[in-house]
Amino acid sequence: MAVSARDALLLVTNSLERVKTVGVVGAGVIGACVAFSLAQRGVRVHCVERAQPGGLTTDVSFARLSAYQQPTYPRFELSHTGMIEHIRFANQFASAPWWHPTGSLAWSDAAGTGGAGTSESFSEVVDRLSAWGYRAIWYDPAQANRDWEPGIAFPHGQASIVRFPDEGWVDGPRLVSALIESAMRSGHLKVWKGAVEEIRVRGGRVVALRLDNQAVIEVDAVVNAAGPEALTVAAALGAPMSGAVARRSSLVVDLAANGDPLRHVLRGSEAHLRSAGPGRVRVRSDQVDVGLPAEIRSDPGDEIVKDLLDRVYRTVPALASSAVERVRIGAAVFPSDGFPSVGALSGISGYFEAFANSGITLAPLIGRTLATQIVTGEIHPLWGRCSPDRLRVAS
């Protein structure tokens, strides 16, 4: 049924009158983007975080901006749109020191496949992405060494390298810090340290959060942006998720290097590498991660770390002289269909979710569009497949 301009205006006005205070659970990159976008709209925001904002999953993420890993067009469209959103987002600020649009270099494994989790060949993956409008430029190894990355030891017999010029990486903690500080300066954000033990509902509507220190925060709506703890927060509402949720762990090592040995994000056949700021390099490996238990949170073991570092040193031999700065395990929880959970849950007014795989890539897009939905009721068309309803236990 068509809605008149007058009725649409009334809908927006009523929503603005109704949603004046929002609780955001989680101050990782997605939660910070949601809180910032709500504060920009003049909404009072209470952000609850059990650790330093941006200090848990966001700090351990490899934080690559990419749509490479998406196997279907709808999932690719989401990630690609998220990458474009980072440009618009960065342009809101006088400077955006967290955003590094360096481009990336990628090459196949020894079998010529597109990487872990795909049966496609590397060239088939690149051709598919190119057909979807993703920029990709082929080089031979000598060209790539000469023009882009002289320090890479490409595997013997490697025929070709692809440069994705629109990819890059994000300094997640720096982004979170900038957003939290900006929203707090506006007077619209308060950060609470703690965990949510209860989401109170009255008359089918969210009315308050109770924290583990027994503090009660009255709200008109709540956003579950708790990342790996999203299932726990949903249970605090009394709306547990079904088994349609996947978990993944990733070993991430930071190296203290001499100088700045990398210009690009590298998606190598054995390891992935990127700069992590001056004199630092962050590394991980699909092959190593596939052998990690999904529930592991710490202590990967010396042999697993050595395996990763050996792969890194074979890729960039100069890094063999670098010092290991940090060894950590990152944990992720996300819908197993690969789409994020973004939007409102039916049946409980004022409860929204925002958690995803590739959270760094999608965070500014989720923040802006979910804030719009909370304030105006307008649902962005890209979230049509992403309703939290699909994750609920069937009654």
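The values are calculated or read from the model by the stated rules, or taken from the named source; none is laboratory data. None of these values were measured; they are calculated from a predicted model. Virtual Cβ from ideal backbone geometry, glycine too; neighbours counted across all protein chains shown. Note: areas computed on protein heavy atoms with side chains; ligands, DNA, RNA excluded. Shrake-Rupley method; radii C 1.70, N 1.55, O 1.52, S 1.80 Å.
Observations on the structure shown:
- Using the Cβ-Cβ distance between V216 and I137 with R0 = 41 Å, the FRET efficiency computed as 1/(1 + (r/R0)^6) comes to roughly 0.15.
- Where labels lie 7 Å past Cα in the beta-carbon direction, separation of S123 and E181 in nm: 5.0 nm
- Positive-end extreme of charge dipole, the range 113-235 - chosen from V206, W132, P150 (charges on Cβ): V206
- Residues with amide H under 5 Å from that of F355, placed H, sequence gap 5 or more: S341
- E229 accessible area, assembled protein chains, probe 1.4 Å, Å²: 70 Å²
- Part-to-part distance (alpha-carbon centres) for the range 293-370 and the range 130-203, which is given in Å: 11 Å
- Kirkwood hydrodynamic radius of the chain, Cα pairs, Å: 21.9 Å
- Rounded to 5, percent antiparallel among DSSP beta bridges of the chain: 70 percent
- Amide hydrogen neighbours beyond the local backbone of R326, cut-off 5 Å, H modeled: D254
- Karplus (6.51, -1.76, 1.60) ³J(HN,Hα), θ = phi - 60°, over the range 369-381, in Hz, Gly and Pro reported as x: 6, 6, 4, 4, 5, 5, 7, 10, x, 6, 9, 5, x
- Å² of accessible area per residue within the range 104-249, as computed with a 1.4 Å probe and no ligands counted: 46 Å²
- Note: relative contact order over the range 140-228, using C-alpha pairs below 8 Å and six or more positions apart, is 13 percent.
- Ordering of 363-370, 130-137 by burial proxy (mean other Cβ atoms within 10 Å per residue, highest first): 363-370, 130-137
- Surface composition of the chain: carbon plus sulfur atoms hold 52% of the accessible area, using a 1.4 angstrom probe and ignoring ligands, DNA and RNA.
- Applied to the range 182-189, the Karplus parametrisation 6.51 cos²θ - 1.76 cosθ + 1.60 on θ = phi - 60° returns per-residue 3J(HN,Hα) values of 5, 5, 5, 4, 6, x, 9, 10 Hz, with x for Gly and Pro.
- Computed from phi, the 3J(HN,Hα) profile of the range 200-205 under the Karplus parametrisation 6.51, -1.76, 1.60 (θ = phi - 60°) reads 7, 10, 9, x, x, 10 Hz, with x in place of Gly and Pro.
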